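Take a look at the structure below.
The values are calculated or read from the model by the stated rules, or taken from the named source; none is laboratory data. Bear in mind that the values here come from a model prediction, so they are computed numbers and not experimental data. Reconstructed Cβ throughout: ideal geometry from the backbone, glycine too, with neighbour counts over all protein chains shown. In case anyone asks, the SASA skips ligands and DNA or RNA and just uses the protein heavy atoms, side chains included. Shrake-Rupley method; radii C 1.70, N 1.55, O 1.52, S 1.80 Å.
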Amino acid sequence: MNIDISPPLNFLTTKMVVPTVKLNNGCTIPIVGLGTWKSKPGEVKQAVVEAITAGYRHIDCAFAYGNEEEVGAGIKQKIDDGTVTRNDLFITSKVWNTFHSFNKVEEAIRQSLKNLGLDYLDLYLIHWPLGYQENTVHFPKDDEGKFIFSDVDYLETWKGLEHCAKLGLTKSIGMSNFNSLQLKRILENATIKPVVNQVECHPYLNNSKLIQFCKEHDIVVTAYSPLGSPDRPWAKPEDPVIFEDPKLKELAQKYNRSPVQIILRFQTQRGVVVIPKSVTKERIVDNLNCTDFELTEEDVKYIETFDCNGRVCALDWVKDHPYYPFNVEF
């Protein structure tokens with residue numbers, strides 16, 4: 001994996017220059033991006049504006065987040081004021097579970113492009129390997145509140161992504177929440193190789209085996225919920241918060257950094273892309289400034305011992321789907 005460590009500061013702009021990771025198709029992805037899952041209406045536009053102003057060039061979106069139009073408004077503002085051009089940015093979105101059949105994939109990406117006000121995406125992902133009933137609401141449920149599944153094979157969905165790439169609607173394609181067996185099946189049938197697998201990854205779920213599998217197949221891993229998503233809708237008051245872990249606080253003191261920066265540096269030092277979500281200017285800046293210091297090899301290994309299989313986005317309510325990804329080790 002090729003990581004380009006640029007000088008930490010561009011002295012003409014005094015903004016961080018974010019290192020990039022080279023994808024297997026020759027494109028590059030900034031190793032730190034802004035996540036937009038759970039960013040509330042009325043907040044996410046300003047978060048995108050603040051992020052791009054601070055030096056972010058990578059914005060991670062998804063149709064299912066319901067905020068792509070506001071994200072697009074933030075992007076447009078920073079392009080219009082001359083801060084960036086479209087070519088400076090790396091924009092990701094994802095095809096939702098109700099658009100898994102071949103023809104629906106193109107419909108989905110065109111809707112996301114319209115929402116975002118863009119002509120193309122830099123990366124388009126299958127959000128989940130499992131599909132829901134199509135031509136209905138985006139979260140279809142029966143009278144008992146159970147999700148209604150479709151039987152569309154994710155291989156068909158992948159063919160739809162390949163079609164979108166050939167049309168020039170996205171430069172790169174990949175997946176999210178795929179396990180190693182599902183990835184292997186894609187690799188055996190793909191005509192365009194996936195460049196990224198975006199998965200939950202943090203010190204309590206470090207996903208080392210899946211990361212190694214992806215490295216062996218030249219697929220970059222992006223860590224979503226890299227801080228453990230303490231604001232997830234189903235969080236319980238007693239659930240642990242990773243960046244309040246005393247062990248991480250000790251490491252933060254050692255490096256004179258915040259616990260959040262230690263967590264993010266742990267990932268980026270492993271070559272894992274991170275997309276922490278925030279709508280607070282100070283935290284947005286703090287999250288970006290996580291690549292200009294180095295953890296010792298011993299401390300990286302120490303953080304790896306924090307793993308407790310602490311998955312917070314398990315989607316237990318759809319674990320009976322035939323393509324549910326978390327029934328295997330990795």
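Each DSSP beta bridge with both residues in the chain is either parallel or antiparallel, and the antiparallel ones are about 30%.
Just to verify a number: FRET efficiency for Leu155 and Glu304, C-beta to C-beta distance, R0 = 30 Å, to 0.05?
Approximately 0.35, to the nearest 0.05.
Calculated from DSSP H runs of 4 or more alone, at -39500 (n - 2.57) each and per residue, what is the 222 nm mean residue ellipticity of the chain, nearest 500?
Using -39500 (n - 2.57) per qualifying helix, the result is -10000 deg cm²/dmol.
Note on surface exposure: Lys319, Lys38, Lys184 rank Lys319, Lys184, Lys38 by accessible area, highest first, 1.4 Å probe. Length gained on full extension, Glu329 to Glu144: 63.5 nm, using 0.36 nm per residue less the C-alpha separation.
With the charge dipole of the chain set up from +1 on Lys and Arg Cβ and -1 on Asp and Glu Cβ about the Cα centre, the Cα lying farthest toward the positive end among the listed residues Leu118, Ala64, Asn97 is that of Leu118. The fraction of accessible area contributed by carbon and sulfur in the range 231-308 is 49 percent, rounded to a whole number (1.4 Å probe; ligands and nucleic acids excluded). Of all DSSP-defined beta bridges confined to the range 45-166, some 20% are antiparallel rather than parallel.
Here is the link list: Lys193/Lys281; Lys45/Lys193; Lys45/Lys104; Lys141/Lys281. Which ones come out longer than 31 Å on Cα distance? Don't jump to the answer; show the numbers that get you there.
Details: Lys193/Lys281 37 Å; Lys45/Lys193 33 Å; Lys45/Lys104 28 Å; Lys141/Lys281 38 Å.
Result: Lys193/Lys281; Lys45/Lys193; Lys141/Lys281 exceed 31 Å.
For the range 115-223, with all protein chains present and a 1.4 Å probe, just round the carbon and sulfur fraction of the accessible area to a whole percent. Answer for the range 115-223: carbon and sulfur cover 48 percent of the accessible area. Residues Ser208, Ser101, ordered by accessible area of protein heavy atoms at a 1.4 angstrom probe radius and largest first, appear as Ser208, Ser101. Using the 1.4 Å probe convention, the accessible area of the chain works out to 44 Å² per residue with neighbouring protein chains retained. Given a Förster distance of 30 Å, report the FRET efficiency between Glu294 and Thr85 from their Cβ-Cβ distance, rounded to the nearest 0.05. For Glu294 and Thr85, the calculated efficiency is 0.40. Roughly what % of Cα-Cα distances in the range 215-330 sit above 21 Å, to the whole percent? Summing the P(r) of the range 215-330 above 21 Å gives 44 percent of all pairs.
Could you compute the net charge surrounding Leu187? Neighbours are other residues with a C-beta less than 12 Å from the C-beta of Leu187; K and R count +1, D and E count -1. Summing Lys/Arg as +1 and Asp/Glu as -1 gives 0.
Dividing the mean sequence gap of close Cα pairs (under 8 Å, 6+ apart) by how many residues the range 52-165 holds gives a relative contact order of 28 percent. Annotation: lysines with alpha-carbon distance below 21 angstrom to Lys146 (same-chain offsets under eight excluded): Lys319. Of the GluC sites (Glu not before Pro) found in the range 182-271, the ones in coil according to DSSP and having at most 10 other Cβ atoms within 10 Å of their Cβ are Glu238.
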